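The values are calculated or read from the model by the stated rules, or taken from the named source; none is laboratory data. Remember, it's a predicted structure, so these values are computed and weren't measured experimentally. Don't worry about glycine lacking a Cβ; one is built from the backbone with ideal geometry, like all the others, and counts go over all protein chains shown. Note: accessible area is taken over every heavy atom of the protein model, side chains too, but ligands, DNA and RNA are not part of it. Shrake-Rupley method; radii C 1.70, N 1.55, O 1.52, S 1.80 Å.
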Amino acid sequence: MANDPHALRKLVALNIRIKRVELDITQEELAHRAELSQAYLSGIERNKRSPSIDTIQRIADALGMLAHDLLKPRA
């Protein structure tokens with residue numbers, strides 16, 4: 001991960017998508033819960049956008065998890 005400057009962004013994108021799918025909710029529903037546009041959330045999940053810490057917190061809250069869990073590799 002240290003050699004890839006975008007690795008953390010990729011990890012956050014993957015963790016958001018995995019948790020959203022586990023909860024069986026659409027991007028549209030998650031975007032609504034997090035008060036974001038669906039297009040912006042899609043960009044985050046596709047690793048095209050770099051979310052701020054505040055946005056990560058909003059998404060984590062909408063997913064019912066802690067923000068720091070979006071920054072951790074899954075086991």
## Note on the structure
Computed from the beta carbon distance with a Förster radius of 22 Å, FRET efficiency for ILE25 and ARG74 to the nearest 0.05 stands at 0.75
### Query
What number, rounded to the nearest 500 deg cm²/dmol, is the helix-based mean residue ellipticity at 222 nm of the chain, given -39500 (n - 2.57) per DSSP H run of at least four residues and division by all its residues?
-17000 deg cm²/dmol
### Among LEU41, MET65, ALA75 - extreme Cα towards positive end, dipole of the chain, charges at beta-carbon
ALA75
### Query
Counting Lys and Arg as +1 and Asp and Glu as -1, each charge on the Cβ, what is the dipole of the stretch 1-72 about the Cα centre in debye, to the nearest 20?
280
### Using alpha carbons only: equivalent-ellipsoid semi-axes of the chain, gyration tensor based, whole Å
19, 13, 11
### Query
For the chain, what % of the accessible area comes from carbon and sulfur atoms, probe 1.4 Å?
52
### Task
Filter the DSSP H helices in the chain by two things, a Kyte-Doolittle mean of at least -0.5 and an axial alpha-carbon span of 20 angstrom or more, and list the hits by number.
7-22
### Query
Which whole-percent values make up P(r) of the stretch 35-75 when all C-alpha to C-alpha distances are grouped in 5 Å steps starting at zero?
5, 24, 30, 29, 11, 1, 0
### Cβ-based net charge around ARG33, under 14 Å, with every Lys or Arg adding one and every Asp or Glu removing one
-2
